[in-house]
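Chemist: Following this message is one structure expressed as structure tokens.
Nothing in this text is a laboratory measurement; each read-out follows from the coordinates by a stated rule. Treat the numbers as computed from the prediction; the structure is a model and nothing was measured. Backbone-built Cβ (ideal geometry, glycine too); neighbour counts: all protein chains shown.
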């Protein structure tokens, strides 16, 4: 079943929290973890991954913490998912690496799956984080 991982859920909660506290400077991870009942260690790893991919920015020091690196309208769900879980994939095999798949030469579903994969990535690439955390409704034409 295709579903968002717990890391992505925590990432969305953190991004929402940061967006709602944007005018207050940086927010520390403990504050977000406490607000949402998220294990602090896991949230810290999620935030670090989001920093590495430019979704979130971190600042050190007495008034340090985390803030959004860009506006929610500039970031998409595929940005967040790929930052935390790697590329969005429906299947384990990679069409670019046929040697990795034992069924590659006899696979009858490769092309349809690749089309679904492209459509899914295109859809997730059109869903902005603003649509998710601000409006609660996602209307996307792909």
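Chemist: Pairs please, first residue from segment 60-79 and on the phi > 0 side of the Ramachandran plot and in contact (Cβ under 8 Å) with a residue 24 or more places away in the chain, second anywhere and part of a loop (DSSP other than H, G, I, E, B) and loosely packed, with under 13 Cβ neighbours inside 10 Å, Cβ atoms under 9 Å, 6+ apart in sequence or on different chains.
Modeler: 65/25
Chemist: Being within 13 Å of residue 8 (Cβ to Cβ) and exposed (fewer than 13 other Cβ atoms within 10 Å of the Cβ) is true for just one of 61, 86. Which residue is that?
Modeler: Sole residue among the options that is within 13 Å of residue 8 (Cβ to Cβ) and exposed (fewer than 13 other Cβ atoms within 10 Å of the Cβ): 86.
Chemist: Okay, next question. Name the single residue, out of those in segment 3-58 being without any contact (Cβ under 8 Å) to a residue 24 or more places away in the chain, touching a strand residue (DSSP E or B) at 6+ places or on another chain (Cβ under 7 Å) and assigned to a helix (DSSP H, G or I), that is surrounded by the fewest Cβ atoms within 10 Å (Cβ to Cβ).
Modeler: 51
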